[in-house]
Amino acid sequence: MTEITEIPSPFCGIGTDDLSIQVDGVTLKVIENGCAVNTPAFEQAVTDTHARVAGKEVSLDEAVSKAAALLKNTNLPVIGGCATDVNGMRGLLALADRCGAVIDNVNFTGARNNFLALQDSGWMNTTLAEVKNRCDLLLIVGTDLEGFAPRFFERYLWNRESMFLDDTSHRQIIYLGKAPSGNASTSPAGQKALVFECATEDLPDVVAVLRALVKGRPIRATSVCGIAVADLQAITDKFKAAKYSVVTWAAGALAYRQAELTVQAISEMVKDINNQNTRCSGLPLAGKEGDQTANQVCGWTTGYPARTRFSSGYPEYDPFLNDSNYLLANGEADALVWVQAFNAKSVPPKTNLPTIVVGRSGMTFEKEPDVFIPVGTPGIDHAGHAYRMDNVVAIRLKKLRDSGLPSTADVLNAIETQCRLG
């Protein structure tokens, strides 16, 4: 039995790197600094150690050969999930290029709200280090930040030491739209967050009025979607009084049509605040299940995010037409490869197409895939790199145990080699 300290996590998105984990063979137990996101992800048991073809256990080589045979002569295979580390994503892109596949990260529909706003008008965003050292006002729009990352406040708001703040316990926290699920946003001094609730689908109106107030535009109404305009004006006044405010949101939580316009309004409001003798930055929440890693690696390899097709012999990006769910539903795809090394509950969509799953041990399927190859989890079964939510840091993941499971990169590279050799 061994205890390993200062362990980084690929699961929470915020780059938590101070976990202590007890290792007993292939069994892990988080003994310090766990949370509702990280603890179950690290402690999940290894249940599948052998590859399966049509539900029967086979050798890894047999499973790789069968996967390559299923992909041979396909016209438009889809590689979904894309939840892996940097090397796994590199192997995934090589296989997509070889097979002429479409790739689509499991969280891309939400991330699309960010990309469309970024593409259209740009944004001014910050890093977690800047939040930790400078932020004196945090506005959280439309999401439960505690549910997304339970230790966010502990790590980046209520830290005892800060480079530019004398007393971090006096940071101001405001929730707009969705109330927090716990008390993590309450400061060590006992100051509770201000909460202004409204329905998620009402956020476009609320954010539009808030931005108008920031710009000094007159508002005749006294309330918008149940929130008093006077309260929104108070938020505006706090922005102007702050030295370094931050606005954060989770694009996937904005579950309504054309939510990219809300992201754009938030991003433009951040710019407006910076024109008023103070500083403000945005902070989009992401980084779970390899979404930032997928987009980073795909970006530096192809110039596009991870909703790209290779069927023409070169990468073609389309955030709508390359949606894997759309392609499967409309009968355009002729095979599905599902890559998910982090979350055993994230299984592929049910389909009658030939299906290959390269996934974390412990997956339970409604319909057994044609090929299932259990792989190790980056940061547990092998070392690797994964990008945290602010995209500026590639977390160096540690190997904690010897499970005998191959890495995603090893499996995908082997399938690509088989496809190349034919």
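The values are calculated or read from the model by the stated rules, or taken from the named source; none is laboratory data. A quick note: this is a predicted structure, and the numbers were derived from the prediction, not measured. Here the Cβ is made from the backbone with ideal geometry for all residues, glycine too, and neighbour counts use every protein chain on show. Accessible surface is based on the protein model in full, side chains and every heavy atom, while ligands, DNA and RNA are left aside. Shrake-Rupley method; radii C 1.70, N 1.55, O 1.52, S 1.80 Å.
Taking region 384-421 on its own, how many of its residues are hydroxyl-bearing (Ser, Thr, Tyr) and assigned to a loop (DSSP other than H, G, I, E, B)?
2
Here are some residues: 283, 327, 336. Which one is surrounded by 15 or more Cβ atoms within 10 Å (Cβ to Cβ) and assigned to a helix (DSSP H, G or I)? Please lay out each step first, then the result.
Details: 283 fails: assigned to a helix (DSSP H, G or I); 336 fails: assigned to a helix (DSSP H, G or I).
Result: 327 is the single residue among 283, 327, 336 that is surrounded by 15 or more Cβ atoms within 10 Å (Cβ to Cβ) and assigned to a helix (DSSP H, G or I).
(1) of a type in the set (A, V, I, L, M); (2) over 21 Å from residue 204 (Cβ atoms); (3) modelled with pLDDT under 95: which one isn't true of residue 255, the others all being true?
Here residue 255 meets the rest and fails (2).
Among the numbered conditions (1) open to solvent by less than 20 Å² (accessible area, probe 1.4 Å); (2) closer than 18 Å to residue 271 by Cβ, tell me where residue 215 comes up short.
Just one mismatch for residue 215, condition (1).
Among (1) open to solvent by 10 Å² or more (accessible area, probe 1.4 Å); (2) in contact with a Pro (Cβ under 6 Å, 6 or more places away or on another chain); (3) of a type outside the set (Phe, Trp, Tyr); (4) within 16 Å of residue 285 (Cβ to Cβ), where does residue 169 come up short?
Residue 169 satisfies every listed condition except (4).
Let's see how each residue does on (1) within 21 Å of residue 264 (Cα to Cα); (2) assigned to a loop (DSSP other than H, G, I, E, B); (3) among the acidic types (Asp, Glu):
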| site | (1), (2), (3) |
| --- | --- |
| 176 | yes, no, no |
| 179 | no, yes, no |
| 189 | no, yes, no |
| 201 | yes, no, yes |
| 206 | yes, no, no |
| 211 | yes, no, no |
| 221 | no, yes, no |
| 234 | no, no, no |
| 240 | yes, no, no |
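Any chance region 8-27 includes a residue that's crowded, with 23+ Cβ neighbours inside 10 Å, under 20 Å from residue 356 (Cα atoms) and not charged (D, E, K, R)?
So far as region 8-27 goes, no, none of its residues is crowded, with 23+ Cβ neighbours inside 10 Å, under 20 Å from residue 356 (Cα atoms) and not charged (D, E, K, R).
Please state which one of 94, 83, 67, 101 is open to solvent by less than 10 Å² (accessible area, probe 1.4 Å), touching an Asp or Glu at 6+ places or on another chain (Cβ under 6 Å) and in contact (Cβ under 8 Å) with a residue 40 or more places away in the chain.
83
Taking the residues in region 104-147 that are at pLDDT 95 or above, farther than 18 Å from residue 292 by Cα and among the charged types (D, E, K, R) as candidates, determine which candidate is most open to solvent (accessible area, probe 1.4 Å).
120
Looking only at region 243-252, decide whether some residue is surrounded by fewer than 21 Cβ atoms within 10 Å (Cβ to Cβ) and within 22 Å of residue 153 (Cβ to Cβ).
Looking for residues that are surrounded by fewer than 21 Cβ atoms within 10 Å (Cβ to Cβ) and within 22 Å of residue 153 (Cβ to Cβ), one finds at least one in region 243-252, hence yes.
Condition check ((1) part of a helix (DSSP H, G or I); (2) closer than 26 Å to residue 106 by Cβ; (3) in contact with a Lys or Arg (Cβ under 7 Å, 6 or more places away or on another chain); (4) among the polar types (S, T, N, Q)) across all residues:
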| site | (1), (2), (3), (4) |
| --- | --- |
| 231 | yes, no, no, no |
| 252 | yes, yes, no, no |
| 262 | yes, yes, no, yes |
| 277 | no, no, no, yes |
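How many residues are open to solvent by 20 Å² or more (accessible area, probe 1.4 Å), within 20 Å of residue 23 (Cβ to Cβ) and polar (S, T, N, Q) if we restrict to region 374-406?
Residues in region 374-406 being open to solvent by 20 Å² or more (accessible area, probe 1.4 Å), within 20 Å of residue 23 (Cβ to Cβ) and polar (S, T, N, Q): 1 in total.
Determine, yes or no, whether residue 31 is of a type outside the set (S, T, N, Q), open to solvent by less than 10 Å² (accessible area, probe 1.4 Å) and over 30 Å from residue 367 (Cα atoms).
So residue 31 fails the test.
Scan 186, 222 and give me the residue that is open to solvent by less than 60 Å² (accessible area, probe 1.4 Å) and either without any contact (Cβ under 8 Å) to a residue 40 or more places away in the chain or of a type in the set (Val, Ile, Thr) (or both).
Values: 222 fails: open to solvent by less than 60 Å² (accessible area, probe 1.4 Å).
Just one listed residue meets the conditions, 186.
Would you confirm, using the coordinates I've provided, whether residue 150 is surrounded by fewer than 20 Cβ atoms within 10 Å (Cβ to Cβ) and either assigned to a helix (DSSP H, G or I) or in contact (Cβ under 8 Å) with a residue 40 or more places away in the chain (or both)?
When the stated conditions are applied, residue 150 does not pass them.
Residue check, residue 312 against (1) part of a loop (DSSP other than H, G, I, E, B); (2) touching a strand residue (DSSP E or B) at 6+ places or on another chain (Cβ under 7 Å), all met but one. Which one?
Single failed check for residue 312: (2).
Only residues that are in contact (Cβ under 8 Å) with a residue 60 or more places away in the chain and either part of a strand (DSSP E or B) or small (Gly, Ala, Ser) (or both): list them for region 1-49, please.
The answer is 4, 7, 9, 13, 15, 21, 23, 25, 28, 36, 41, 45.
Among the numbered criteria (1) within 26 Å of residue 306 (Cβ to Cβ); (2) small (Gly, Ala, Ser); (3) under 22 Å from the mean Cα position of the chain (by Cα), which single criterion is violated by residue 68?
Status for residue 68: all satisfied but (3).
Got at least one residue in region 85-93 being assigned to a helix (DSSP H, G or I), modelled with pLDDT of 95 or more, within 20 Å of residue 408 (Cβ to Cβ) and in contact with a His (Cβ under 7 Å, 6 or more places away or on another chain)?
Looking through region 85-93, at least one residue is assigned to a helix (DSSP H, G or I), modelled with pLDDT of 95 or more, within 20 Å of residue 408 (Cβ to Cβ) and in contact with a His (Cβ under 7 Å, 6 or more places away or on another chain).
Per-residue answers, yes or no, for (1) within 19 Å of the chain's Cα centre (by Cα); (2) within 19 Å of residue 343 (Cβ to Cβ); (3) hydrophobic (A, V, I, L, M, F, W, C):
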{"site": "254", "(1), (2), (3)": "yes, no, yes"}
{"site": "259", "(1), (2), (3)": "yes, no, yes"}
{"site": "263", "(1), (2), (3)": "yes, no, yes"}
{"site": "271", "(1), (2), (3)": "no, no, no"}
{"site": "275", "(1), (2), (3)": "no, no, no"}
{"site": "283", "(1), (2), (3)": "yes, no, yes"}
{"site": "289", "(1), (2), (3)": "yes, yes, no"}
{"site": "300", "(1), (2), (3)": "yes, no, yes"}
